[in-house]
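Chemist: This is the structure I have questions about; it appears just below.
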Amino acid sequence: MDAVEVCGGLFRQVEQDPAVVAAARAAGRHQLVLAATGYTSPIWGSACDERVLELLAYCRLLTPADTVTAILHIEGDSPLIDLLRCAGWSTGVTDLYAKLEPIGRNRGEWLASLSSKRRIAIKRDIRRLEEGGGVVELLTGRDILPVLRSVTALEAEAERRHNGAADVRMLATVNENLLGCFGDLMTMVVVRDAASEPVASCSTLSGGGLVLCRNGGSREPAAQKLAGYFHADYYGPLALGWANGDHGLLLGPGSLDPKLLRGARPQALVSAIPPGAPNVLRRLLEVTDGVIRSRARSLGWPVPAGPLGEGFG
C-alpha cells in the first residue's frame, strides 16, 4: 500500500490539488507503512495495542531519515485509533466498506428485517435464478479443488472488465494459498447455469461469527441473466452464514449502493500519520476525510464529526 494513494483517496476518486499530490509523492519517496487488516479485521479479532507503536518506533530506526510513516485502513472502532490520537497522530477516514449484520437465522428472518422495496429486489433476483435453471453451490475446503481453474477464469474475466487486465497466474496462486492456509474455513460460492457451467463465483473466509466475501468473478452476459453476481456475492454467503450460525457478512469496500439496497451498512476505515509528517500529506488526509465523511452522509450513515487532529469520532 502507498501512503499517498490511501491518504489522498486517489483510489477512491477523491479530487485533490495536483500540486499537493506531486509534493506528497516527492516527500513520500521512502515510506514505512503498516497496513491494518481493514474490512477483514472483524474475522480475526482485535489485537491492537501499544506494541504496534513500539514496532513502528523500532522499524523507524532502520529506515532513512526522510521516511514517511503511516498506518492505513484501521477499522473505525479499533482501540488502536485512541492510542494513536493520544500519541499525537492525525487520523482521517479514508474508505468505507459494507457490513451486513444481523442476518437472522434463515432467509425468512432476514427478509422480514428489510423494507418492502429491498424485499422486492431480492425476490426478483431469486426468481431470475430459478426461472433460468441456475443453481448455487457452496464448496468448502478440498471440495473447492475441482472448480479452482473455473473460478480463476471467472475472477480474471471480472478483473479485465473493471481494470482492463488481469494476472491469471496471481489469481490462481492466491486462491491456492488461501485454500492451503484456511482449509475448511474457506468456502467457494459457485453459480451454475442450466448447462451446469460456472458463470459466477465468490471466495469466502469464515471466522468470528462472520463470513468475509473476498473476491468475486463472473462471465457476462450469462451471469446477468441469472442475477449471478448477487447470488454469488450476497445470497450464497448468506446461506453459508445461516448454516454456520454466523451473525453477519463482510462485503468489502467496492460498489456500496447495491450492497446497501440489500440491507448492508457502511463502516469506516481510518488511516493515520504521526506528528512531524509532511504537511502536504496531512492536507491530503484532511481532504479525503471530508470527502469520505460526505459520502457516508449521502448514504444515510453520517460518520461522527470531529477535527482531523482528534481523529475519527
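Chemist: Only residues that are crowded, with 16+ Cβ neighbours inside 10 Å, in contact with a helix residue (DSSP H, G or I) (Cβ under 9 Å, 6 or more places away or on another chain) and outside any strand (DSSP E or B): list them for segment 175-191, please.
Modeler: Asn175, Leu179, Phe182, Leu185
Chemist: Of all residues in segment 284-303, which are touching a residue at least 60 places away in the same chain (Cβ under 8 Å) and either assigned to a helix (DSSP H, G or I) or aromatic (Phe, Trp, Tyr) (or both)?
Modeler: If the condition is that a residue be touching a residue at least 60 places away in the same chain (Cβ under 8 Å) and either assigned to a helix (DSSP H, G or I) or aromatic (Phe, Trp, Tyr) (or both), then Leu284, Leu285, Glu286, Val287, Thr288, Asp289, Val291, Ile292, Arg293, Arg295, Ala296 are the ones that fit.
Chemist: Right, another one. Sort through Gly236, Gly252, Gly241 and tell me the only one that's outside the structural domain of Glu130 (by TED's automatic domain parsing) and in contact with a strand residue (DSSP E or B) (Cβ under 9 Å, 6 or more places away or on another chain).
Modeler: Gly252 is the lone residue from the list that is outside the structural domain of Glu130 (by TED's automatic domain parsing) and in contact with a strand residue (DSSP E or B) (Cβ under 9 Å, 6 or more places away or on another chain).
Chemist: I'm trying to understand the selection: among the residues of segment 51-67, which are under 30 Å from the mean Cα position of the chain (by Cα) and not polar (S, T, N, Q)?
Modeler: Of everything in segment 51-67, those that are under 30 Å from the mean Cα position of the chain (by Cα) and not polar (S, T, N, Q) turn out to be Arg51, Val52, Leu53, Glu54, Leu55, Leu56, Ala57, Tyr58, Cys59, Arg60.
Results for (1) closer than 27 Å to Gly248 by Cβ; (2) of a type outside the set (Ser, Thr, Tyr), shown as yes or no for each residue.
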position	(1), (2)
Val151	yes, yes
Leu154	yes, yes
Glu157	no, yes
Thr173	no, no
Val191	yes, yes
Ala195	no, yes
Ser201	yes, no
Thr204	yes, no
Gly208	yes, yes
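Chemist: I would also like to ask the following. Do we find that Thr204 is in the same structural domain as Pro237 (by TED's automatic domain parsing) and within 20 Å of Ala227 (Cβ to Cβ) in this structure?
Modeler: yes
Chemist: So which of Ala172, Ala239, Ala194 is surrounded by 16 or more Cβ atoms within 10 Å (Cβ to Cβ), farther than 24 Å from Lys99 by Cβ and over 17 Å from the mean Cα position of the chain (by Cα)? Show your work before the answer.
Modeler: On the way: Ala239 fails: farther than 24 Å from Lys99 by Cβ; Ala194 fails: surrounded by 16 or more Cβ atoms within 10 Å (Cβ to Cβ).
Of Ala172, Ala239, Ala194, the one residue that is surrounded by 16 or more Cβ atoms within 10 Å (Cβ to Cβ), farther than 24 Å from Lys99 by Cβ and over 17 Å from the mean Cα position of the chain (by Cα) is Ala172.
Chemist: Among (1) out of contact with any strand residue (DSSP E or B) (no Cβ under 7 Å at 6 or more places or on another chain); (2) assigned to a loop (DSSP other than H, G, I, E, B); (3) at pLDDT 90 or above, where does Asp246 come up short?
Modeler: In the conditions (1) out of contact with any strand residue (DSSP E or B) (no Cβ under 7 Å at 6 or more places or on another chain); (2) assigned to a loop (DSSP other than H, G, I, E, B); (3) at pLDDT 90 or above, Asp246 misses (1) alone.
Chemist: When you check Arg128 against the structure, is it basic (Lys, Arg) and surrounded by fewer than 14 Cβ atoms within 10 Å (Cβ to Cβ), yes or no?
Modeler: So Arg128 does not fit the description; no.
Chemist: Looking at segment 260-278, which of the residues that are at pLDDT 85 or above, within 18 Å of the chain's Cα centre (by Cα) and not aliphatic (A, V, I, L, M) is surrounded by the fewest Cβ atoms within 10 Å (Cβ to Cβ)? Spell out the reasoning first.
Modeler: To start, the set of residues in segment 260-278 that are at pLDDT 85 or above comprises 264-278.
Then keep just the ones that are within 18 Å of the chain's Cα centre (by Cα); that gives 264-271.
Going one step further and asking which of them are not aliphatic (A, V, I, L, M), we end up with 265-267, 271.
On the way: Arg265: 16, Pro266: 22, Gln267: 23, Ser271: 29.
Of everything passing the filter in segment 260-278, Arg265 is surrounded by the fewest Cβ atoms within 10 Å (Cβ to Cβ).
The values are calculated or read from the model by the stated rules, or taken from the named source; none is laboratory data. On a predicted model such as this, the values are computed, not experimentally measured, just so you know. Neighbour counts run over all protein chains shown; Cβ positions are idealised from the backbone, glycine included.
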